[in-house]
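Presented below is the structure to which this report refers.
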Amino acid sequence: MDWKRKLTSRKFWLAIASFVSMIIVFIWKDEQVATQVSALIMAGATVIGYIIGEGLADAGNKPPTEEVEQNERD
């Protein structure tokens, strides 16, 4: 499973938020709390997606190391 892609997927986080909010409504019968928890999950998902996306972008822009350059000369 490609976890990087899953953790940056809005559909994945929306499914998680929906599942958790439905559990809260089922257990506590409080839709306001469920809405707040869903918003918190989606905010966290935004941060996680941004961090992973920036990490992947930075990894792609990294200059080659000397070891790789040495192997290319041989």
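Things to note:
- Residue-wise HN-Hα coupling along region 24-39, computed from phi with Karplus coefficients 6.51, -1.76, 1.60 (Hz; x: Gly, Pro): 5, 4, 5, 7, 9, 6, 10, 5, 5, 5, 4, 5, 5, 5, 4, 5
- In sequence order, calculated HN-Hα J values of region 5-16 (Karplus, 6.51, -1.76, 1.60; Hz; x Gly/Pro): 5, 4, 5, 9, 7, 5, 5, 4, 5, 5, 5, 4
Every number in this text was worked out from the coordinates using simple rules, so none of it is lab data. Every value quoted in this text rests on a predicted model; they were computed, and no experiment measured them.
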